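The values are calculated or read from the model by the stated rules, or taken from the named source; none is laboratory data. Every value quoted in this text rests on a predicted model; they were computed, and no experiment measured them. Heads up, the Cβs are rebuilt from the backbone with ideal geometry, glycines too, and the neighbour counts pull from every protein chain shown. Heavy atoms of the whole protein, side chains included, go into the accessibility calculation; ligands, DNA and RNA do not. Shrake-Rupley method; radii C 1.70, N 1.55, O 1.52, S 1.80 Å.
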Amino acid sequence: MSKADNIFIENCKNILQNGYSCEQEKVRAHWEDGTPAYTIKSFGVVNRYNLSEEFPLMTLRYTNWKAAIDEILWIWQKKSNNVKDLNSHIWDAWADKNGSIGKAYGYQMGIKHQYAEGEFDQVDRVLYDLKYNPYSRRIMTNIYNFDDLHSMNLYPCAYSMTFNVTGKKLNAILNQRSQDTLTANNWNVVQYSALLMMFAQVSGLEAGELIHVISDMHIYDRHVPMVTELLQREPKQAPKVTLNPEIKNFYDFKVEDFEVENYEYGQSIGKIPVAI
């Protein structure tokens with residue numbers, strides 16, 4: 001059975017059975033009709049995914065892995081903050097009339113910083129260190145830039161990555177301040193697992209562990225029936241996910257360079273309402 005499904009199931013059960021309800025609190029998020037979007041949450045969740053064993057693609061329901069990878073390339077490869085450079089419409093609610101989400105996500109990845117070795121943006125610095133200083137304990141990124149928060153249409157949810165090489169394995173820790181479990185949990189896991197695979201390949205390494213640290217992992221009130229339905233399902237075998245071995249430059253990767261074989265999944269649970 002897919003280990004990603006088992007982790008998702010255990011997280012959801014813990015939130016529903018032991019989580020804290022914010023129904024009596026004043027909340028920022030709301031539904032499209034203006035109703036406050038309340039959550040049940042767990043604090044300080046840590047999940048581990050070993051990519052050398054299997055790729056963590058959920059099978060309880062379909063995860064649009066192509067759109068997820070397209071978004072991570074939009075942020076880390078294109079370093080864009082404009083939805084016109086994205087092939088899906090998931091960011092439209094946070095874009096201005098010009099399509100910009102402000103100084104967020106890809107914008108922060110593209111800002112150049114001065115180092116002893118020269119000027120790099122955050123992505124290029126990671127790639128440089130994985131090539132020349134692979135055993136450094138300083139290989140990390142952070143897009144939660146306090147100076148620019150006022151110019152972001154949405155504060156970063158997944159905001160930092162720390163990379164660490166052990167032997168020939170590239171491991172990483174993803175830090176996330178907030179996560180909508182139903183809509184985003186497997187989406188984020190797929191994205192950063194794919195990123196880890198790409199960085200490992202172009203650095204002559206093997207993909208190891210992705211550790212996902214979530215400060216506030218929550219289920220929205222209107223998602224509870226959908227989550228409950230998913231918890232009744234039996235996970236299937238995880239699919240096989242491979243990368244085009246010919247790609248040696250991170251900036252050459254495309255969604256089509258990922259091959260997903262034997263992906264079986266449960267039926268749709270219908271359109272999921274998204275709190276904004």
Pulled fully out, how much extra length does the chain show between residue 213 and residue 233, if you take 0.36 nm times their separation in residues and subtract their Cα-Cα distance?
-> 4.6 nm
Roughly how big is the chain's charge dipole about its Cα centre, with Cβ charges of +1 (Lys, Arg) and -1 (Asp, Glu), in debye to the nearest 20?
-> 360 debye
Once phi for every residue in segment 241-250 is put through the Karplus expression 6.51 cos²θ - 1.76 cosθ + 1.60 (θ = phi - 60°), the whole-Hz ³J(HN,Hα) values, with Gly and Pro written as x, are 10, 10, 10, 4, x, 6, 7, 10, 10, 3
By how many nm would the segment from residue 115 to residue 160 lengthen if fully extended, with 0.36 nm per residue of separation less the alpha-carbon distance?
-> 14.3 nm
accessible surface per residue for the chain, probe 1.4 Å, DNA/RNA/ligands not counted, whole Å² -> 50 Å²
For segment 208-250, listing GluC sites (Glu not before Pro) in a DSSP loop whose Cβ sees at most 14 other Cβ atoms within 10 Å gives 246
Post the alpha-carbon centroid distance, segment 6-41 to segment 108-143, in whole angstrom.
-> 36 Å
Any chance you could run the full-extension gain for residue 31 through residue 264? It's 0.36 nm times the residue separation minus the Cα-Cα distance, nm to one decimal.
-> 80.7 nm
When the accessible area of the chain is computed with all protein chains present and a 1.4 Å probe, what percentage of it is carbon and sulfur?
-> 48 percent
Those chymotrypsin sites (Phe, Trp or Tyr not before Pro) from segment 83-168 that are DSSP loop and have at most 13 other Cβ neighbours within 10 Å turn out to be 135
Selected from 68, 37, 116 as most flexible by GNM, with the chain as the system and alpha-carbon contacts under 10 Å = 116
Could you list the GluC sites (Glu not before Pro) in segment 1-58 that lie in coil according to DSSP, counting only those with at most 14 other Cβ atoms within 10 Å of their Cβ?
-> 23, 25, 32, 53
Calculated FRET value between residue 177 and residue 18, using beta carbons and R₀ = 25 Å, to 0.05 | 0.75
For segment 210-276, what is one quarter of the convex hull surface built on the Cα atoms, given in nm²?
-> 7.6 nm²
DSSP beta bridges in the chain [antiparallel fraction, %, rounded to 5] | 75 percent
Label-point separation in nm, residue 150 to residue 131, each point 7 Å along Cα→Cβ = 3.9 nm
Counting each DSSP H run of 4 or more residues in the chain as -39500 (n - 2.57), what helix-only mean residue ellipticity at 222 nm follows after dividing by all residues, to the nearest 500 deg cm²/dmol?
-> -8000 deg cm²/dmol
(i) 54, 34, 33; (ii) 52, 43, 31; (iii) 51, 43, 41, with the label sought being that of the calculated Cα extents along the principal axes in Å = (ii)
May I have the count of lysine pairs in segment 1-160 with C-alpha atoms under 13 Å apart, counting pairs 8 or more residues apart or located on different chains?
-> 4
